[in-house]
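A quick write-up on the structure given underneath.
The values are calculated or read from the model by the stated rules, or taken from the named source; none is laboratory data. Treat the numbers as computed from the prediction; the structure is a model and nothing was measured. Cβ placement follows ideal geometry from the backbone for every residue including glycine, while neighbour counts extend to all protein chains displayed.
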Amino acid sequence: MKNLILVIISLSLLFLSFTLTAQADEIATLRDATAISEQEKPNAIPKIVNTDILQARNYPMQPPLIPHKIRNYQIDLEVNKCLSCHSRSRTQDSQAPMVSVTHFMDRDGNFLAEVSPRRYFCNQCHVPQADIMPLVGNTFKDMHTLMKERVNDMRMP
Amino acid sequence: MWKKILINFWRTLRRPSVHYSLGFLVIGGFIAGVIFWGGFNTALELTNTETFCISCHEMRDNSYEELKATVHFSNRSGVRATCPDCHVPHNWTDKLARKMQASRELWGTIFGTINTREKFQAQRRSLAEHEWVRLKANDSLECRNCHHFDYMDFTLQNTRAEEQHSTSLASGEKTCIDCHKGIAHELPDMRGVEGW
C-alpha cells in the first residue's frame, strides 16, 4: 500500500514537471523563443524622449513621467541630482515642477521638512519614456473614457 | 665652509675659459640647451598623459573608473577627453604652475593619503571644491578649450539648455562649472553648494 502511494506521488510529480516545461517552451517571451544559449540580434536602443513637455497622466495617481533625459543622474547617499531642480527651494530658479507634497510625508502621515527618505529614490516610480512602439499590447482605458462610453451606451440601447 | 665653496664656485664662473674655444662653448652650449629644453618638455608631456595619471591606483580605481561611464569617455562621435584635457591648463606657464602644485599629490601617493575608496570618499568634497574653485577662477577655461561658446548653435540645443546658455552663460554671469558639476566624476555630498 505504502509503495503504491509513493509510486502515485512520484508519477504525478513527474507529470507536473513535464507540463511545466512544456508550458515554458510555449510562452513567447521578449526573446522570441530564442534558446537560452543563443544570442538574438538585439534591437536598436531607442532614443529617450527629451521634449521637456509634461505628459498627461493615465490615471490620477500615476507617478508623472520624466519628459527629459536622465543619463548619469546621480541619486545616492551623497546627492540627488533630480532634487537640484525639483526640490522646493530650487523650483524658482529652475522653473521645474516641485516634488509632490505627499513626498514630504513619512509613513505615519507626518509632514517632514524635506523629502521623506522613503521617497528619495525618484526613479523607483518616475521614469523617462523611450521613443518606441509598446512591445506588448494594452487595452487600458482611463475612467473618463469608460464613463463616456457608458453614457453613450445608455443613450443608444 | 659653505661660504668658501660658494666663493670658489663664483671665481670659477668669472674666470675666462682656458681650454675651450669660444666657438665650442657657444655651439656646445646651444646644442646642450636644445637637448635640455627638448628633454624637459618631453618629460613634461609624458606626465601629461592619461597613462601617467592612472599609473597611480588612486586615480585608476576612483577618478578614471567614474569617468568611464560618462559622455566624456564614450559617446557617439568618439571624441573623448583625457585627464589632462580638463585638469591641466594648456597654457605653458599655467601648466608649469599646476605641475608644481601637483608635486603635493606625489607626497600624497607616497604616504597613502587617499589609498582606499573610503579615504577618497571622505576627501571627495574638498578635492571637488579645489577643481570648482579653479574652473570658476579661470572662467572654465579647460571646458572652453573644446566647447566654444561662439560656435554653439542654440537652435540645436533643447529648450532648457538654450534658455540657460543664451542668458546666464552669454552674459558672463555664470560659467560652465556653475551648473555642470559632476559631469565626469561622481558628486560629493552637495549640502550647502550654491544651486543644490
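So which residues in the stretch B:153-196 are within 11 Å of another protein chain (Cβ to nearest Cβ) and among the hydrophobic types (A, V, I, L, M, F, W, C)?
B:A161, B:C179, B:I183, B:A184, B:L187, B:M190, B:V193, B:W196
Given the conditions (1) within 14 Å of chain A (Cβ to nearest Cβ); (2) surrounded by 14 or more Cβ atoms within 10 Å (Cβ to Cβ), which single one is not true for B:K68?
Among (1) within 14 Å of chain A (Cβ to nearest Cβ); (2) surrounded by 14 or more Cβ atoms within 10 Å (Cβ to Cβ), the lone unmet condition for B:K68 is (2).
Show the residue pairs meeting these rules: Cβ distance below 8 Å; 6+ apart or different chains; first residue within the stretch A:39-54 and away from chain B (no Cβ under 14 Å) and touching a residue at least 12 places away in the same chain (Cβ under 8 Å); second residue among the β-branched types (V, I, T) and in a loop (DSSP other than H, G, I, E, B).
Once the first residue is away from chain B (no Cβ under 14 Å) and touching a residue at least 12 places away in the same chain (Cβ under 8 Å) and sits in the stretch A:39-54, its partners that are among the β-branched types (V, I, T) and in a loop (DSSP other than H, G, I, E, B) give A:P46/A:I132.
Conditions (1) part of a helix (DSSP H, G or I); (2) under 22 Å from B:Q123 (Cα atoms), marked per residue:
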site: B:A43; (1), (2): yes, no
site: B:N62; (1), (2): yes, yes
site: B:T70; (1), (2): no, yes
site: B:S74; (1), (2): no, no
site: B:P84; (1), (2): yes, yes
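So which residues in the stretch B:124-141 are out of contact with any Ser or Thr (no Cβ under 7 Å at 6 or more places or on another chain) and either over 14 Å from B:P89 (Cβ atoms) or without any contact (Cβ under 8 Å) to a residue 40 or more places away in the chain (or both), if there are any at all?
B:R124, B:R125, B:S126, B:L127, B:A128, B:E129, B:H130, B:W132, B:V133, B:R134, B:A137
State whether the residues of the stretch B:80-95 include one that is touching a Leu at 6+ places or on another chain (Cβ under 7 Å) and either among the aromatic types (F, W, Y) or closer than 30 Å to A:E78 by Cβ (or both).
Yes, the conditions are met somewhere in the stretch B:80-95.
Checking the condition under 28 Å from B:H147 (Cα atoms), acidic (D, E) and not in a loop (DSSP other than H, G, I, E, B), which residue from B:E58, B:E131 passes?
After applying the criteria, what remains is B:E131.
Yes/no per residue for (1) within 14 Å of chain A (Cβ to nearest Cβ); (2) closer than 24 Å to B:V193 by Cβ; (3) surrounded by fewer than 12 Cβ atoms within 10 Å (Cβ to Cβ):
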| residue | (1), (2), (3) |
| --- | --- |
| B:Y20 | no, no, yes |
| B:G23 | no, no, yes |
| B:I54 | no, no, no |
| B:P84 | no, no, no |
| B:Q101 | no, yes, yes |
| B:A128 | yes, yes, no |
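May I ask you to verify whether A:R118 is assigned to a loop (DSSP other than H, G, I, E, B) and without any contact (Cβ under 8 Å) to a residue 40 or more places away in the chain?
no
Could you list, in sequence order, the residues of the stretch A:64-86 that are part of a loop (DSSP other than H, G, I, E, B), β-branched (V, I, T) and more than 10 Å from chain B (Cβ to nearest Cβ)?
Matches in the stretch A:64-86: A:I70 only.
So if I check each of A:N138, A:N50, which one is touching a His at 6+ places or on another chain (Cβ under 8 Å) and either part of a loop (DSSP other than H, G, I, E, B) or of a type in the set (V, I, T) (or both)?
After ruling out the rest, the residue left standing is A:N50.
Mind counting the residues in the stretch B:146-196 that are of a type in the set (D, E), loosely packed, with under 15 Cβ neighbours inside 10 Å and not in a loop (DSSP other than H, G, I, E, B)?
Here the count works out to 2.
Note down all Cβ pairs under 8 Å where the first residue falls in the stretch A:139-155 and is surrounded by 10 or more Cβ atoms within 10 Å (Cβ to Cβ), the second is at pLDDT 90 or above and part of a helix (DSSP H, G or I), and they're at least six residues apart or on different chains.
A:K141/A:E149
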